[in-house]
1. Sort out for me the strands (runs of 3 or more DSSP E) sitting completely within the stretch 95-211 that have 3 or more residues that are touching a residue at least 12 places away in the same chain (Cβ under 8 Å) and touching a Gly at 6+ places or on another chain (Cβ under 8 Å).
2. Quick one: would you say ALA169 is buried (at least 21 other Cβ atoms within 10 Å of the Cβ) and either among the aliphatic types (A, V, I, L, M) or away from ligand 2 (no atom under 16 Å from the Cβ) (or both)?
3. Can you pull out every residue in the stretch 110-163 that is within 16 Å of ligand 1 (Cβ to nearest atom), of a type in the set (Gly, Ala, Ser) and closer than 16 Å to ASP242 by Cβ?
4. Please pick out the residue among ALA224, ALA245 that is within 16 Å of ligand 2 (Cβ to nearest atom), assigned to a helix (DSSP H, G or I) and open to solvent by less than 20 Å² (accessible area, probe 1.4 Å).
5. So is ARG98 open to solvent by 40 Å² or more (accessible area, probe 1.4 Å) and away from ligand 1 (no atom under 13 Å from the Cβ) or not?
6. Output the residues belonging to the stretch 33-57 that are assigned to a loop (DSSP other than H, G, I, E, B) and over 18 Å from GLU75 (Cα atoms).
7. Given the conditions (1) in contact with a Gly (Cβ under 6 Å, 6 or more places away or on another chain); (2) in contact (Cβ under 8 Å) with a residue 24 or more places away in the chain; (3) open to solvent by 60 Å² or more (accessible area, probe 1.4 Å), report the number of the one that GLN293 does not fulfil.
8. Take ALA76 and decide whether it is small (Gly, Ala, Ser), buried (at least 22 other Cβ atoms within 10 Å of the Cβ), at negative phi and within 15 Å of ligand 1 (Cβ to nearest atom).
Amino acid sequence: MARGEVPADEADEAGGVVAVVLAAGLGKRMRSTLPKVLHPVGGRPMLLRVLTAARDAGVGRAVVVTGVHAARVEEAVRAEGEALRPLEVAFAHQDEPRGTGHAVQCALAQQPPAGAASLLVLPGDAPLLGPDVLGALLRRHRSSGAAATLLTAILPNPEGYGRILRDAAGRVVGIVEERDATPEQRRVREVNTLACCFRRDLLEEALALCRPTNAQGEIYLTDAVGLLAGRGERIEAVLAEDAEAVLGVNDRRALAAAEAALRRRVLERWMDAGVTVLDPQTTFVDERAVLGQDCVLHPFTVLEGACEIGPGCTLGPGAHLRDSRLGAGCVVWHSVVEGSELGPDCRVGPFAHLRPGCRLGRGVQVGNFAELKAAVLGDGCKQHHHSYVGDAELGPGVNVGAGVITANFDGRRKHRTVVGAGAFLGCNVNLIAPVEVGAGAFVAAGTTVSRPVPPDALAVGRPEVVVREGWAARRRQEGNRPSGPNEEGTPGHGPTPG
Ligand code: UD1
Ligand code: CA
């Protein structure tokens, strides 16, 4: 369910729930200097995915429990700024990772959730949990009035997860962590996802009774479930239909699995919408991207950030686009396009680099080792070979010859180059910015343009060419003799012309 799809009355009710997001663990199994919950999946830190899912399920307030990495985690959440609205996020600190139950106690003590009768506890390391499944969990908890409602899943390989224990009648009686489980309990394939709802008063009571008498010496949130069940309280369970969505990321293998799952979901959505993906294994599309009908994605195509691709574009092999917009019918292959906008029917590549701030009109062709930065190229411009156009504005139909360079940087500041419509820039032209070449002007190959060229003018500036008849032949003959200085010098040894 996307943002805004929660019915208003339900959203209000969910808004009364406070989410406690656990993010204070050490994440040792990641073997990383980056806090586990900040590892990105699909380009976004896992914790932010969890918070967004809670927000989209209608949760109004979240308390994030942080530990040793508190500063970095808080910074990452704050950096989201408005993006998480209307979710309000507060932080609680857990000095030492003494377990998931202890983490919840820290949240309740430091950020008492005034007025909230229920709590939604969420793991910070479950990046694929979506608002739909969280919404279902919240609804069941509300409608059943249970003491606790767990989100569970049946996994073909439940290794590493806490197992759900049920009695003969199928009622949940507890959760046992894998490390503490008997061989028989380990055979249970129904697992705890750690996403769960609790009546707040009952949870507080139960946690106060939990003891760290387990393999890890921690206060387990999961023990509260067994305690409540033992007191005759009702425990509900919602089984997630999509087992993949509950994946908890504890190590880099699981991180890769989460990445692959997310990527496949995004690609399948676009395939269903009429986009051809030749090789999903090597194609990466950020979930924020928007693609038009009949786009074709060849292998090794990467769309990062919020790209908008018009209908009928062909991307790849080897297209890497970031935060860019393409009109209909563009072709980009073996090239990098960052923060740029392309009109319809542009052709980019192979081996072009559009750095941020470029705007290409209709039918522009750029390729073969062309670099552009903050360049505006009018309709039909061609920049085919080895060249650099930066901080420049080219009118329609400009030809940029091989080796054209805008010298836009004087060592201190950047300067602009302006080239009028239909101008011709020959090979190896240097444009010493700030400079202007008028519309229809012709700049001859090898010219260094250091002053304005009026419209329709010819600009030519080349060193005089010296030609010496027979010189090369004489040099070859000299080369056959044993030694001796070459009176006329050889190229590379500084021949003096004249
Ligand atoms: C936990 C559950 C397990 C469940 C699994 C689902 C417990 C005891 N176990 O195991 O039943 O199957 O998640 O993925 O709850 N954290 C803290 N403070 C701590 C410890 C952990 O904030 O002291 C946070 C971590 O940062 C993490 C989350 O809680 O985001 C879960 O901790 P983790 O160590 O990953 O628990 P699991 O072993 O995966
Ligand atoms: Ca985990």
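1. So the answer is 172-176, 190-199.
2. no
3. Residues satisfying the conditions are ALA126, GLY130, ALA153.
4. ALA245
5. no
6. Listed by number, the residues that qualify are GLY42, ALA57.
7. Unmet for GLN293, out of (1) in contact with a Gly (Cβ under 6 Å, 6 or more places away or on another chain); (2) in contact (Cβ under 8 Å) with a residue 24 or more places away in the chain; (3) open to solvent by 60 Å² or more (accessible area, probe 1.4 Å): (2).
8. No.
The values are calculated or read from the model by the stated rules, or taken from the named source; none is laboratory data. On a predicted model such as this, the values are computed, not experimentally measured, just so you know. Neighbour counts are summed over all protein chains in view; Cβ atoms, including those assigned to glycine, are modelled from backbone coordinates with ideal geometry. Heavy atoms of the whole protein, side chains included, go into the accessibility calculation; ligands, DNA and RNA do not. Shrake-Rupley method; radii C 1.70, N 1.55, O 1.52, S 1.80 Å.
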